[in-house]
Amino acid sequence: MALTYDNRNSDTARLGVGPMAIEESLEQLQALKERARLGGGVDRIEAQHERGKLTARERIDALLDPGTFEEIDALAHDWEDNGVRYYGDAVVTGWGKLSGRTVCIYAQDFTVFGGSLGEVVGTKISKLMDMAMKTGVPVIGLNDSGGARIQEGVASLAGYGDIFYRNVQASGVIPQISVIMGPCAGGAVYSPALTDFIFMVEKTSQMFLTGPDVIASVTGEITTVEELGGATSHVSKSGVAHFSSPDETDCLEEVRRLISYLPSNNMDDPPFEETGDPVDRRLDDLLSVVPSDAGVQYDVRDVIERVVDNGEFMEVHEYFAPNIVVGFSRVGGHPVGLVANQPLYLAGVLDIDSSRKAARFVRFCDAFNIPVVTLVDTSGFLPGVSQEYGGIISHGAKLVYAYAAATVPKITVILRKAFGGAYDAMGSKHLGADVNYAWPNAAIAVMAGSQAVNIISRREIQSADDPEEERKRLVEEYRERLEHPYIAAAKGYIDDVIDPRDTRIKIAHALELLRSKSVPVNPKKHGNIPL
Ligand code: HXC
């Protein structure tokens, strides 16, 4: 069959009907597959390339191991026809290998009706998600779509609803990764938002509920698609997206990297990888990395990179709430999730955004059997009217809840400061952490001495001949009496005070012990996390 690309003819209506020689039917099949492969046609493929975007199939090829993609439903189409027939419709679905491990994948095809989602697309994605859940493999969605297919009305909305339902059923069962590589607008954004991680590409991807025109007419605010819903906005301001990349190739490489830390499902162990980095490596220069003066900043990533295997750390949400650092790494070849206060920003305080960020990360690690290693150096929760009005009470409680509910191995090391509620919230023994350590100069108390004396010794200071001298003396006395790790050690709240240079060794040994940690089955349906 000669094939010039025109998906709008109707000659194919008779295809597949009646007896045919096998050669002829194979030829016909080839022709149909070719039509599916061309999506919306060569002109639209060119237009896609001109925008600096790959096509759906090119993206899948770039992400998966070569030659491993098994496409399904390439022959699906809208039976109503309407004189327009796009084989496969506006999404490519199937499975393949990613670094040797099987994943299910779908890629929306912007060349067909702008990648919009109607009945066929919705059914294809839902079917793929069911397959991923049945087989226990991650599902990766490459999004590039104008949203609900307007012509299909409620069938489009039903398609989204069916996907949302599956996103929720799959949550905590298989890792779900969304990659935004074009527009993602309207209610369509809720599927990525229900998944575990969102990647975006700078300048060519946007996410928003309503675009700039609607906003201008409703609120009078003037904005652009990029400013409103571009990668930079979502990785730094809203925190909706976790990763951004300068281009699609880099983005897909990052997806591969993330998958390397994740188990295929919640019953699997995270993938061990021989890293060649000995666990008994002492961190001789760590003493110079963390200044002993609690007021001096440092980058906690310098600690993380020394502690983990070969300094390799995949930071999640790098640009959002930078006062806490979260991400994946390996210790002794086994994946771990790291949560660390970042003294470089806002002195590492816990605020609304950092609490939300860390809580969600801990929940993910817990769902997928990834041990959580927490490095604590924080002066506490951020005080302030805007924080209170913004609901720091509820958001801070999310972090407490996440740690307390997590049953994966939890190891916590207090590096320098653990004051107030933050001591409790940051993976304390009281929230069920398994192994807790502190460095010898760590300050653990309700608050720092400089604040505490103003409350408990106000009268003494005021009546002193030299109030400032008296204040200093009382702060010093408080430090000696209350602001050190040995009270917590005496009470067993921390298991040991350790030489900072042994931090990696101690964490590795604890992880080894906790690999056989067993957790009693909890019969309750679910708790009521302060969402
Ligand atoms: C049907 C659509 C479509 C849609 C785009 N197309 N969006 N067809 N339904 N939602 C078609 C166009 O008609 C066009 O067809 C082709 O896709 C490419 O679109 P262009 O507009 O030419 O491309 P571009 O200029 O790059 O603009 C892309 C866009 C724009 C920003 C996505 O198309 C757009 O604003 N689309 C509508 C977005 C929207 O409002 N969607 C509904 C959101 S509400 P031809 O044949 O000309 O190539 C929603 C509700 C979900 O999604 C609810 C779930 C609960």
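FYI, it's all coordinate maths here, none of it is from the lab. In this text, all values refer to a predicted model and were calculated from it rather than measured experimentally. Cβ coordinates were reconstructed from backbone atoms using ideal geometry, including for glycine residues, and neighbour counts include every protein chain displayed.
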- request: Could you check, for segment 383-398, whether at least one of its residues is among the β-branched types (Val, Ile, Thr) and under 25 Å from Leu286 (Cβ atoms)?
  value: no
field: Failed item, numbered, when Leu287 is tested on (1) closer than 26 Å to Leu64 by Cβ; (2) loosely packed, with under 15 Cβ neighbours inside 10 Å; (3) aliphatic (A, V, I, L, M)
entry: (1)
query: Among Glu227, Glu254, which is in contact with a strand residue (DSSP E or B) (Cβ under 6 Å, 6 or more places away or on another chain) and surrounded by fewer than 20 Cβ atoms within 10 Å (Cβ to Cβ)?
result: Glu254
query: Do the conditions hold for Ala347, that is, is it in contact with a helix residue (DSSP H, G or I) (Cβ under 8 Å, 6 or more places away or on another chain) and either under 17 Å from Asp299 (Cβ atoms) or assigned to a helix (DSSP H, G or I) (or both)?
result: no
query: For segment 195-217, does any single residue satisfy the condition of being in a helix (DSSP H, G or I), closer than 23 Å to Gln48 by Cα, acidic (Asp, Glu) and touching a strand residue (DSSP E or B) at 6+ places or on another chain (Cβ under 8 Å)?
result: no
statement: Filtering segment 419-462 for residues that are outside any loop (DSSP other than H, G, I, E, B), among the polar types (S, T, N, Q) and free of Cβ contacts under 8 Å to residues at least 24 places away in the same chain leaves a count of 3
Which listed residue, of Asp65, Asp89, is within 13 Å of the ligand (Cβ to nearest atom), more than 19 Å from Thr195 (Cα to Cα), acidic (Asp, Glu) and not in a helix (DSSP H, G or I): Asp89
- line: Note on segment 111-139: residues closer than 16 Å to Val154 by Cα, within 11 Å of the ligand (Cβ to nearest atom) and not in a loop (DSSP other than H, G, I, E, B) are Leu117, Val121, Gly122
- request: Read through the list (1) surrounded by fewer than 22 Cβ atoms within 10 Å (Cβ to Cβ); (2) away from the ligand (no atom under 15 Å from the Cβ), then give the number of the only condition that Glu152 fails.
  value: (2)
message: Restricting to segment 505-523, and then to whatever is charged (D, E, K, R) and farther than 11 Å from Thr407 by Cβ, can you tell me which residue is surrounded by the most Cβ atoms within 10 Å (Cβ to Cβ)?
response: Lys506
field: Answer residue from segment 170-191, given it is away from the ligand (no atom under 12 Å from the Cβ), touching a residue at least 40 places away in the same chain (Cβ under 8 Å) and not in a loop (DSSP other than H, G, I, E, B) and is nearest to Asp268 (Cα to Cα) among those
entry: Ala170
